[in-house]
Every structure is written in structure tokens, then in C-alpha cells.
Amino acid sequence: MMGLLRLMMAGGVGCLCFLALGCNREGPIKAYQAPKEPAHVHRDRIEWKTPADWIILPELISREFLGSYCRQGDERWSILVKWVHYAMLEAEVLGITQANIDEIKASATNPEVRGFLGLENDYGKFLGADNDWAYRIIKAVGNYGENYDKYFGPLELPRGWNNLYTKGGLQYPLAWR
């Protein structure tokens, strides 16, 4: 609740966590702040007596980096994990989904798409993987947006900062070259 207290004392808003107003399982409360991330507020709201009575405020009240974490000393694995994330973002930018990836791969003429799907260049070599690595990721789990919708859609969590940079978010894949 420190983020909430700082917000109230400052009389303003300017950070990255959601606040909900409503009542919990035991009865009325005035405010609830997610302990780690906005998804917690939405997840918890589903379990409360009257979820529809909760208002999720759009103000951001704390900043916490959430991302991939890897064991120290395993640099190759850490790099690969980061590039899996970038591949999922790049697929979304390129309009490639789990459902259309085979069709796009069969008819791709755009060099950027062809490189991403392993049809040109040797991008996989730099990661210690084969050239189909990004194709296999998207084929297996979909792009970043598909994953967001699958896991956070049921929580009615707006994508907000997790949207692509082209849609006002902070998600930006590294250049694929």
C-alpha cells in the first residue's frame, strides 16, 4: 500500500500499477493496490463477492519492472529467452499469428518476413539455434498479442503499456537483421 500512500500524499498520479475501489470477500474496503502488477487486481476482483462493483482506476501508482529473469552465469540461455520475447513481438508487428503462420511462410516475398521465418539469412546461428526457431515458437504458442489475450483477456485486463509501441504501449521488438 506504500504506492497508494505516496499517491495520496502527493495528491497526484504518475506510476505503473492499478488501483481498485470496492469491497472484498469480508466486506467494504476503500481501496486495494495490486501487490506486484495490475493483473493481480483483475485476478483478485474475479474472486470477490461482487466483482462488478469494483472500479479499476486507470491511474498508475507504482513502477516495477516485470520481465524475464534467468539464472546468473547462463548468458546464452538469458539471450535466447530475451529473443523468444522479441520473436513473439516481431510476429505481432508483422501480423503473423499461430493460425496464419504456415500460409504466410508458404507465400512470403517480403525479405523481413522471410528472414524472420527462417527462409533467408542465418539469424538462428547467432543464438545457437536453427533458422526455424522463431517459426516454431509462433507455431507452438502464437505471437505476443495472442498470448496476452489468452492469459489476461479473461481477467478483463486492458493491454495498456503491454501494447505494441505502434499502439501506445512500451513493447518494441529489436531490429530483426
How many residues of the range 93-106 are buried (at least 17 other Cβ atoms within 10 Å of the Cβ) and of a type in the set (Asp, Glu)? The answer is 0
May I ask you to list the residues in the range 108-131 that are touching a residue at least 60 places away in the same chain (Cβ under 8 Å) and among the small types (Gly, Ala, Ser)?
GLY115
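Checking the conditions here, which among LEU117, LEU174 is hydrophobic (A, V, I, L, M, F, W, C), buried (at least 19 other Cβ atoms within 10 Å of the Cβ) and outside the structural domain of ASP44 (by TED's automatic domain parsing)?
Among LEU117, LEU174, only LEU117 is hydrophobic (A, V, I, L, M, F, W, C), buried (at least 19 other Cβ atoms within 10 Å of the Cβ) and outside the structural domain of ASP44 (by TED's automatic domain parsing).
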Modelled with pLDDT of 95 or more, under 21 Å from the mean Cα position of the chain (by Cα) and not aliphatic (A, V, I, L, M), is that true of GLY95?
yes
Determine which member of the set SER68, SER78 is surrounded by 11 or more Cβ atoms within 10 Å (Cβ to Cβ) and of a type in the set (S, T, N, Q).
SER78
What's the number of the condition GLU90 fails, among (1) under 23 Å from the mean Cα position of the chain (by Cα); (2) surrounded by fewer than 16 Cβ atoms within 10 Å (Cβ to Cβ); (3) of a type in the set (D, E, K, R)?
(2)
Any idea how many residues of the range 97-124 are in a loop (DSSP other than H, G, I, E, B) and either polar (S, T, N, Q) or closer than 21 Å to LEU170 by Cβ (or both)?
6
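The values are calculated or read from the model by the stated rules, or taken from the named source; none is laboratory data. Just so you know, these numbers come straight off a predicted model, no measurement behind them. Heads up, the Cβs are rebuilt from the backbone with ideal geometry, glycines too, and the neighbour counts pull from every protein chain shown.
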